[in-house]
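Contents: one structure, followed by commentary.
The values are calculated or read from the model by the stated rules, or taken from the named source; none is laboratory data. Please read all numbers here as calculations on a predicted model, not as lab measurements. Positions of Cβ are backbone-derived with ideal geometry, glycine not excepted, and every protein chain shown enters the neighbour counts.
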Amino acid sequence: MKPARIGALAVGFVMLALVAVLVVSDGDTDVGARSPLLGQPAPAIETTTIDDQPFTLARRKGSWVVFNFFNSTCVPCIAEHPSLVKFAEGERARPGGAEFYTVVNDDADAAIRDFFVANGGDWSKLRDTDGAIAVAFGVAKVPETWIIDPNGFVRLRILGAVTDGVLEAQMARLREGANS
Amino acid sequence: MLVASATAHLGRAILLVGFLAAFFGVFAAAVGARRNDRKTLRLVPRFVLLSTAMAVAAFGVMEWAMVTRDFSLEYVQKVGSRSTPPLYNFAAVWSALEGSILMWVLVLAGYLAAAAWWMRKRMNEPLIAWAMAVMFAVLAFFFLLSYGPANPFVIGPPGVTDGPGPNPLLQNHILVMFHPPILYLGYVGMTVPFAFAIAALITGKVEDGWLHLTRRWTVAAWGFLTFGIALGGWWSYEVLGWSGVWAWDPVENASLLPWITGTAYIHSVMVQERRGLLRVWNVSLLIATFSLTILGTFLTRSGVLNSVHAFSESDIGPWLLVSFGVIVAVSLVLIFLRGDQLRAGGSVESLFSREGAFLVNNVLFAVFAFVVLLGTVFPLVVEAIQQRQIVVGEPFFDQLTVPIGLTMLFIMAVAPVLPWRRDGSETLSQRLLGPSVFGLACIAISLVAGAAGLAPLLAFGLGGFAAGSALRHLWRAVRVQRLRGFVGRANGGMIVHLGVILICVALAASNSFTRSQEIDLVVGRVASFAGHTFELVDVVEQRDARSQSVRALVSVDGGRAYAPSITKFTRIGMNVGTPSVRTTLTHDIYLTLEPPVRQDSGQARIKVFIKPLILWLWIGTFVMAFGTLLAVLPTRRRRHREAPSIHDLRDEAIDA
Amino acid sequence: MTTASRRMSLTPAARRIAWAVVLVATLVLLVFGAGRNTGPLTQQERIDVITKRIACPTCDGESVFVSRASAAQAIRAEVARQVGDGVKTDDEIVAYVADRFGGQVLLVPRGSGIEALVWVLPVVLAVVLVGVLIVLFRRGNRGNRGIDGESGGPEMASTGTTDGAPANRRPLVITLAIALVVGIGVGVLVARQSGQRLPLQTATGGIEDSTASLLAQARLAGPTDVKSAIDLYGRVLETDPDNVEALTYRAWLIMLSARQFDESLRTQAYASTITALGRAIELDPAYPDAMCFLGIVVFRDGGDAASASEFLDKCIARQPPAEVRGLVESLRAEVDAALGK
């Protein structure tokens, strides 16, 4: 065959392959996202709350701990806030309930205080100077929610905003798994 | 509200009329060309006029809405703001997707009109008519995009009285005005030679008349593309604050790919003009250049690179991908059917001839384009196959393109002195001795200046070698033709080469020999680094309607103060750092202010970059632009537009 | 032309010598220059080198060095911190970030597996194209030696007369095959040389240092395998005698096990537990678990309800974690009863 035709066919084949690759691929739909930290001990976190109280994650062993990485100007964070308030109140009411913490991501104390005064939620908000906690967890974009079990192991990572009931369901699933 | 939505409806109506004009223009030109029907072909200029007028009108309506802050439009709500200065507000139109597509329509219509005007006396020829048809088709597609998925005239929710304005990164440097339009003049300009290439394939007009017709268009579009890419690098340097000019990110790669194939075409086409060889290859290069502009737009606008799954969720992605597929499919079919008719007799006798050098050049550029395309697209492929995300970044591209670049510098030195049609190895050793001594001197000088490392030294040496060769050509041309020795394709090309060499040398120096340090400055104390002193004079705060900024006034070497700053755009809540640069011929001192800044503390942490030879990047760019201008200037007034001028051939004969 | 030949009137021999001199001098200078040190000289330059190897997790392939995103700034700050500490090597710092953000932040594609294709394919293309060029020119030159009689050179146009014949195509196919093999070989070499060498997972077990990992294992072993837990806590204390968690939980677990044994052992355990818990409280007065266990132990094994009540109150004030709080609350009623409330 003439070289021009060979060339045309070869290029055509490669293009078809490229388009096929783009069209055929499929995404996954789990709630939990991947992370190298899943099933590993949580990173050692030592920081202060925005009220200057010390906080050490290792000291919370014995409780389920939920970290929510948050920024007061991020739209999905604002959207998911009522669901978080509901979840935190539910957990506070039950014995052995999870401790809920907000990790402040690249935001000022004053803005955080104002937001929580206006929108409710009276759990501890933790400072994250220079984003060290975010880097320790591998958090690139807010909001993210992490669940750590009473033994200090990371069990779940949720990317993006949560809706009503999602966290409750996940906590129930994890507790059931722990008991069995 | 009727009044508020009038603009939106007017805009869309204009777009619809424009689309119809272009759509029917396709048929008028194609049918007229096929049947050789003059009456139908007489409609073509009218459709050109109508579609161009509509394009200008649509863009005008958009600008009017933006300038008058008409917040009834969703697009103005997205990128307009009452507190943006007028200049940046005007440029805000092309700061997001929909406005960019509208600008594409405008530029394309402008090129269509220019081409139609230039060819107005020859509109009856099938080749020209088919080229018009192809251009109408592309214009119709973009009108359709602007009418449909990328609609800028969507009516937004009512009651909005202000917006956030364009991205803050697009608001603090005047270059934002010029970089996208110039880049589009280059990008979109490649449609014209593409249209003629397709027309040549369709009509089977195997002679090279169309080549000579479009040569200046291609070089001009290429020149705009080059300048636009360089402006992007300048903007990156002046605004982004990481002190570099090129990051190999997908948006940059998308603009580089058509540039690579375009440059390959400009060189390879000389073989076709001289010897009639490589016709199929050159047509393929032109088609590839245009296709890559569409593919590049697809890659950057569809969100497919963030995640391959975002692609199917975007509005415009599937359209662009399908159009890319159609263009490639049609072109491949045409080449398949007609390719062999383009072939002529003749052959390349020796590797050491000018033709041989251009063949090697083609190989180099093909590999270069492949590297950039593969690196950009590879994460998609891996994600689709293995469901995990990988990144292919700067280290990969640097590693593979540096050897290609060095080889190109070598070819740049060797090719201009090679003769056509015969083996020139003997002439090489004769003519290149001087340039090689020059290259050696460059290495020696750079060693004295403290350079180290194999790759940069090779770059300096080969750069000197190539510069010597180009200067040799220019010297001989000027000796024979005096001032005219600077004008014309070959001589202008040598000046462009000089510009390229300056850029390569500057890139090599700044990539390899940048020094950096973070310094905590306190008012009253002098810090020093790399032979310069830095003293913090003051930390000042500035507020205006849309932002508040903290600036650190740093006196460099006891002289005037440079003020790197961090600006917080209050509406969007975004912090933008702005660097401050002291430029000299030998190096730039690049200062950035690091967060967190404590106001009224008399302290500031700055980062200092000492970047060698950066100014030469911009000097080289202007040399390239100047050389391109010289290359498209006519050498003498010519009667026949088709044949290459005897003077063009004479320029190349200087060395024969 | 005459003007030119008048200028450069070197004889061929002289020219050859001149070229030799130039080439040798160039080689010498290159070798000299290549050997010079070009590594990072300041801390910031080392940070820049490292951040150029890490991809910003929220951008399109920009490195952390380039990107202005907040995630990139956070990673830059972390890298700066670790470079400032001066303990880890460049690879270790990159691995630290990759272990948390996933392998996707490794900016350099791997040299093995499917990722190596991105290195191999361009090299293969380059070698194959060069091979094609060589074959075309070689074939042309062979033709030049008077077989067809026409001017030789590789036929860029297949006129269909001689080139269609299979005999003429064989050298091309062979060369292509050789070029393919050579290309793949060189490509793999390039991939190995330039590709990412960090393994996908640098830790098979815990990511943290050994103390944290021991604590984690001990915690997991905890209630079911008390002996191992006590051993693990003991090992932590060997390297870090002031580790409050290890002190507290080791003492607590010892007390729990000692309850099964005879009197003397129990008394001994009680004394050492009180000491250890006291020490833990002294080291970290805010640590709730130590105070809570002290209250429980003092009540259960020491019989002192009054002190126990005081300790338990302090424990609750320090907001103990849920499990410990559960233990305390279930004990509360008994303590109150013992005090006669």
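Can we say B:Phe529 is modelled with pLDDT of 90 or more and within 26 Å of C:Ile75 (Cα to Cα)?
yes
Checking C:Asp304 against (1) at pLDDT below 90; (2) of a type in the set (D, E, K, R); (3) within 47 Å of the chain's Cα centre (by Cα), which single condition isn't satisfied?
(3)
Looking at (1) away from chain A (no Cβ under 12 Å); (2) surrounded by fewer than 19 Cβ atoms within 10 Å (Cβ to Cβ); (3) of a type in the set (A, V, I, L, M, F, W, C), find the lone condition where C:Ala69 falls short.
It is condition (1) that C:Ala69 fails.
Looking at C:Ala98 and the list (1) in contact with a strand residue (DSSP E or B) (Cβ under 8 Å, 6 or more places away or on another chain); (2) part of a helix (DSSP H, G or I); (3) facing another protein chain (nearest Cβ under 9 Å); (4) surrounded by fewer than 24 Cβ atoms within 10 Å (Cβ to Cβ), which single condition is not satisfied?
(4)
Determine, yes or no, whether C:Ala116 is of a type outside the set (Asp, Glu), more than 10 Å from every other protein chain (Cβ to nearest Cβ) and assigned to a helix (DSSP H, G or I).
Against the criterion (of a type outside the set (Asp, Glu), more than 10 Å from every other protein chain (Cβ to nearest Cβ) and assigned to a helix (DSSP H, G or I)), C:Ala116 qualifies.
Taking region C:325-339 on its own, how many of its residues are modelled with pLDDT under 85 and over 15 Å from C:Gly303 (Cβ atoms)?
0
Any idea which of A:Ala8, A:Ala79, A:Ala17 is outside any strand (DSSP E or B), within 14 Å of chain B (Cβ to nearest Cβ) and under 30 Å from B:Gln389 (Cβ atoms)?
A:Ala17
State whether the residues of region B:558-568 include one that is assigned to a strand (DSSP E or B) and at pLDDT below 90. Break it down into steps so the answer makes sense when it comes.
Keep residues of region B:558-568 that are assigned to a strand (DSSP E or B), which gives B:561-562, B:565-568.
From the residues that got through so far, the ones that are at pLDDT below 90 too are B:567-568.
Within region B:558-568 (the criterion being assigned to a strand (DSSP E or B) and at pLDDT below 90), the answer is yes, since at least one residue qualifies.
Considering only region B:200-212, how many residues are surrounded by 22 or more Cβ atoms within 10 Å (Cβ to Cβ) and either free of Cβ contacts under 8 Å to residues at least 60 places away in the same chain or under 22 Å from B:Phe626 (Cα atoms) (or both)?
0
Out of region C:41-65, which residues are among the aliphatic types (A, V, I, L, M) and either in a helix (DSSP H, G or I) or at pLDDT 90 or above (or both)?
C:Ile47, C:Val49, C:Ile50, C:Ile54, C:Ala55, C:Val64
I'd like to know if region A:44-57 contains one or more residues that are in a loop (DSSP other than H, G, I, E, B), at negative phi and at pLDDT below 90.
Looking only at region A:44-57, we keep the residues that are in a loop (DSSP other than H, G, I, E, B), and these are A:44-45, A:50-53.
Right, trim to at negative phi and you get A:44-45, A:50-51, A:53.
Restricting the remaining residues to those that are at pLDDT below 90 gives A:44.
Yes, region A:44-57 contains at least one residue that is in a loop (DSSP other than H, G, I, E, B), at negative phi and at pLDDT below 90.
Would you pick out the residues in region C:311-341 that are under 15 Å from C:Pro285 (Cα atoms) and not polar (S, T, N, Q)?
Within region C:311-341, C:Phe311, C:Leu312, C:Asp313, C:Lys314, C:Cys315, C:Ile316, C:Ala317, C:Arg318, C:Pro320 qualify.
Would you confirm whether or not region B:414-431 contains a residue that is in contact with a Gly (Cβ under 9 Å, 6 or more places away or on another chain) and aromatic (Phe, Trp, Tyr)?
Within region B:414-431, none of the residues are in contact with a Gly (Cβ under 9 Å, 6 or more places away or on another chain) and aromatic (Phe, Trp, Tyr).
Sort out which residues of region B:38-48 are farther than 12 Å from B:Trp130 by Cβ, surrounded by 15 or more Cβ atoms within 10 Å (Cβ to Cβ) and not aromatic (Phe, Trp, Tyr), and write them in order of number.
Across region B:38-48, the qualifying residues are B:Thr40, B:Leu43, B:Pro45, B:Val48.
Yes/no per residue for (1) under 16 Å from the mean Cα position of the chain (by Cα); (2) closer than 26 Å to B:Gln77 by Cβ; (3) outside the structural domain of B:Val581 (by TED's automatic domain parsing):
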{"site": "B:His179", "(1), (2), (3)": "yes, yes, yes"}
{"site": "B:Ile198", "(1), (2), (3)": "no, no, yes"}
{"site": "B:Ile202", "(1), (2), (3)": "no, no, yes"}
{"site": "B:Val219", "(1), (2), (3)": "yes, no, yes"}
{"site": "B:Phe224", "(1), (2), (3)": "yes, no, yes"}
{"site": "B:Gly228", "(1), (2), (3)": "yes, no, yes"}
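Hydrophobic (A, V, I, L, M, F, W, C), part of a helix (DSSP H, G or I) and at the interface with another protein chain (Cβ under 8 Å from one of its Cβ atoms) - does that describe any residue in region B:402-409?
The answer is no; no qualifying residue exists.
With A:Thr145, A:Thr129 as the choices, which residue is of a type in the set (Ser, Thr, Tyr) and closer than 20 Å to A:Arg92 by Cα?
A:Thr145
State all residues of region B:416-425 that are surrounded by fewer than 21 Cβ atoms within 10 Å (Cβ to Cβ) and away from chain C (no Cβ under 11 Å); if no residue qualifies, say none.
Correct list: B:Val417, B:Pro419, B:Trp420, B:Ser425.
A quick yes/no check of all residues on (1) assigned to a helix (DSSP H, G or I); (2) over 23 Å from the mean Cα position of the chain (by Cα); (3) facing chain C (nearest Cβ under 7 Å); (4) buried (at least 19 other Cβ atoms within 10 Å of the Cβ):
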{"residue": "B:Phe365", "(1), (2), (3), (4)": "yes, no, no, yes"}
{"residue": "B:Ala369", "(1), (2), (3), (4)": "yes, no, no, yes"}
{"residue": "B:Phe397", "(1), (2), (3), (4)": "yes, no, no, yes"}
{"residue": "B:Thr427", "(1), (2), (3), (4)": "yes, yes, no, no"}
{"residue": "B:Gln430", "(1), (2), (3), (4)": "yes, yes, yes, no"}
{"residue": "B:Gly434", "(1), (2), (3), (4)": "yes, yes, no, no"}
{"residue": "B:Ala441", "(1), (2), (3), (4)": "yes, yes, no, no"}
{"residue": "B:Ser446", "(1), (2), (3), (4)": "yes, yes, no, yes"}
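Given the residues C:Phe293, C:Phe311, which is the only one that is free of Cβ contacts under 8 Å to residues at least 40 places away in the same chain and not polar (S, T, N, Q)?
Values: C:Phe293 fails: free of Cβ contacts under 8 Å to residues at least 40 places away in the same chain.
Result: C:Phe311 is the single residue among C:Phe293, C:Phe311 that is free of Cβ contacts under 8 Å to residues at least 40 places away in the same chain and not polar (S, T, N, Q).
Name the residue, out of B:Leu285, B:Leu332, B:Leu257, that is assigned to a helix (DSSP H, G or I) and free of Cβ contacts under 8 Å to residues at least 12 places away in the same chain.
The match here is B:Leu332.
Pairs under 8 Å by beta carbon, first residue closer than 16 Å to C:Ala55 by Cα in region C:79-96, partner assigned to a loop (DSSP other than H, G, I, E, B) and among the aliphatic types (A, V, I, L, M), six or more apart or different chains?
These pairs meet every condition: C:Val79/C:Val64; C:Asp91/C:Leu198; C:Val94/C:Leu198; C:Ala95/C:Leu198.
Please enumerate the residues belonging to region B:70-88 that are in a helix (DSSP H, G or I) and surrounded by fewer than 23 Cβ atoms within 10 Å (Cβ to Cβ).
B:Glu74, B:Gln77, B:Lys78, B:Pro86, B:Leu87, B:Tyr88
Quick one: which residue in B:Arg605, B:Arg560 is without any contact (Cβ under 8 Å) to a residue 60 or more places away in the chain and of a type in the set (Lys, Arg)?
B:Arg560
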